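Comments concern the structure below.
The values are calculated or read from the model by the stated rules, or taken from the named source; none is laboratory data. None of these values were measured; they are calculated from a predicted model. For neighbour counting, all protein chains shown are included, and Cβ atoms are generated from backbone atoms with ideal geometry for every residue, glycine included. The area values use the complete protein model at the heavy-atom level, side chains included, leaving out ligands, DNA and RNA. Shrake-Rupley method; radii C 1.70, N 1.55, O 1.52, S 1.80 Å.
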Amino acid sequence: METKYDVVIVGSGLGGLVSGALLAKEGKTVCILEKHFQIGGNLQVFKRKGCPFSVGMHYAGSLGKGEILHKIFSYLGITDDLKISKLDEDAYEKIIFGDREYSYAMGRENFEAKLISYFPEEEEAIKKYTTALKEYWDKSDILNLREFKSGEMSYFDTYQEPAYAFIDSLTDNEELKALLGATNGLYAGIMDKTPMFIHANINNFFINSAWRIAEDGVNMTELLKGVIENNGGKVIINKEVTKLNFDGPSIISASTADGEKYYGDTFISNIHPVPTFKLLEEGKLRKAYVKRIENLENSISNFSLYVVLKKGMIKHVNANTYYSKTNYIWNHEDYTEESWPRGYMMYTTEDKNNPGFAESIVVLCMMNFEDVEKWENTTLMKRGDEYLAWKKEKTQKALDCVYIRFPEMEEAIDYVDSASPLTYRDYTGTHRGSMYGIIKDCNDPIKTFLSPKTKIPNLLLSGQNINLHGMLGVVMSTFQTCAHLLDVNKVIRKINKQAE
């Protein structure tokens, strides 16, 4: 007899792990199948010359006591063991346009006061902006851990307001407008598409409080794995799911590349919908639906630098730095061979043996997958000399962009490694190396905000393609997915009671 689980989850990214932990804690038998040798998706960590680097997700918001992630992780029992540290409360984000520098401060009042100090004549516009952020957050049942109806997308009308248009309506001051939208690298903001819903809630998430996730281990993923295993579940690595097998209209098992099968009552895919549908027998979903999902636009990818520094040469900065050559900060996909990179997001990691100084730096530059499309059928370490030459050229161009503002970096670099959209695709399993999955379009929200429920009775979707991406979006989308398998409002009541 084969073991049969209540829920089999494909992929161990944050959505898969949080779904698995929540379901296991509520009494479901769970099995997560991960194709990679390491769990965690964007939370994976690797080392170069002994320095740990995060694949993608290096900081999170709202982890302070009484805030939403703190409440959820406390309920799961992992808060006390999380390795996190608070970013600079007065300047957790540093924003640079050319030679001009600004900062974001934590807490709504502090954030507001900081911006007013830069633009005192724009106090009314700034207060209108911060009020709007709070109103968007307050409208959401899930973000406030209020009970909600399964499958219901509340305040759907707010998905239709474009972020750019709202910010543009506040003031004629172009510099302030750029500053308000400056961190849109967190969602790859597109001028005529990105909903204010996304801009407001992601910004609010970090304004509440911003925390660095430790780079020295996969602490968060191991803690979530522990919740699953301590409640009778399994998380299995090196298990690439190659096919989902049917009995009638429903899935009965998942086949893996090593010839094994894993049986379940319900299956959750934490990978992108496009590769998910490739696991299904032809005809199980309408061709028109599959084609529609395949044709949805995905967010931009990135070219990353992982830099090991010489000891004691660069000061550690307890913040993220967003640099842009100009104050035009939208539509990151619009660049030429000559203009790339238009800017970058950068952060340092402190040297524990030399406090106050940086051990390493990560630099993230937006890049279209089309730039590497000619090598898309290659695999890691086997992409050829032309690709390596291209990668070397892009690495230097990214470094040259960093040196514009931080010329001292050039003498301080000990070692540099880089990752292209192909690297990102192959290590995280994201479709075409997309950082944030399917682009959410305020002009057609019904088409681009996907439901976790599919036409297959026992197949659910989870992860960044459902509702919202990032740690906030993935964790909250988990509740929408799990609402189809358990009384999630009962769980919300438990979370709120425990937080009292």
> Restricting the first residue to region 71-87 and requiring it to be surrounded by 17 or more Cβ atoms within 10 Å (Cβ to Cβ), which pairs with a second residue that is among the aromatic types (Phe, Trp, Tyr) and part of a helix (DSSP H, G or I) meet a Cβ separation below 9 Å and a spacing of at least six or different chains?
Replying inline: ILE72/PHE479; THR79/PHE73; LEU82/PHE73; LEU87/PHE206
> Of everything in region 436-460 that's open to solvent by less than 20 Å² (accessible area, probe 1.4 Å) and out of contact with any Lys or Arg (no Cβ under 8 Å at 6 or more places or on another chain), which residue is nearest to ALA200 (Cα to Cα)?
Replying inline: PRO445
> Counting just the residues of region 374-387 that are open to solvent by less than 100 Å² (accessible area, probe 1.4 Å) and part of a helix (DSSP H, G or I), which one comes out nearest to VAL362 (Cα to Cα)?
Replying inline: TYR387
> Which pairs do you get when a residue that is without any contact (Cβ under 8 Å) to a residue 60 or more places away in the chain, found in region 309-324, comes within reach of a residue that is open to solvent by 20 Å² or more (accessible area, probe 1.4 Å) and assigned to a loop (DSSP other than H, G, I, E, B), reach meaning Cβ atoms under 7 angstrom, with the pair 6+ apart or on two chains?
Replying inline: LYS311/ASN354; GLY312/ASN354; LYS315/GLY356; HIS316/GLY356
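Just for region 168-197: of the residues that are open to solvent by 30 Å² or more (accessible area, probe 1.4 Å) and either touching a Pro at 6+ places or on another chain (Cβ under 9 Å) or without any contact (Cβ under 8 Å) to a residue 60 or more places away in the chain (or both), which one is nearest to GLY437 (Cα to Cα)? Before the answer, list the steps.
Pass one, region 168-197, residues open to solvent by 30 Å² or more (accessible area, probe 1.4 Å): 168-169, 172-174, 191-193.
Cutting the leftovers down to either touching a Pro at 6+ places or on another chain (Cβ under 9 Å) or without any contact (Cβ under 8 Å) to a residue 60 or more places away in the chain (or both) gives us 168-169, 172-173, 191-193.
Values: ASP168: 26, SER169: 28, ASP172: 33, ASN173: 32, MET191: 17, ASP192: 18, LYS193: 14 Å.
Here the answer is LYS193.
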> Given the residues TYR102, TYR92, TYR59, TYR118, which is the only one that is among the aromatic types (Phe, Trp, Tyr), open to solvent by 20 Å² or more (accessible area, probe 1.4 Å), within 28 Å of LEU309 (Cα to Cα) and in contact (Cβ under 8 Å) with a residue 40 or more places away in the chain?
Replying inline: TYR102
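Return the only residue of LYS65, LYS35, LYS47 being of a type in the set (Lys, Arg), part of a loop (DSSP other than H, G, I, E, B) and free of Cβ contacts under 8 Å to residues at least 40 places away in the same chain.
Details: LYS35 fails: free of Cβ contacts under 8 Å to residues at least 40 places away in the same chain; LYS47 fails: part of a loop (DSSP other than H, G, I, E, B).
When all the criteria are applied, what remains is LYS65.
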> Any idea how many residues of region 399-448 are under 21 Å from LEU309 (Cα atoms), assigned to a helix (DSSP H, G or I) and touching a helix residue (DSSP H, G or I) at 6+ places or on another chain (Cβ under 8 Å)?
Replying inline: 5
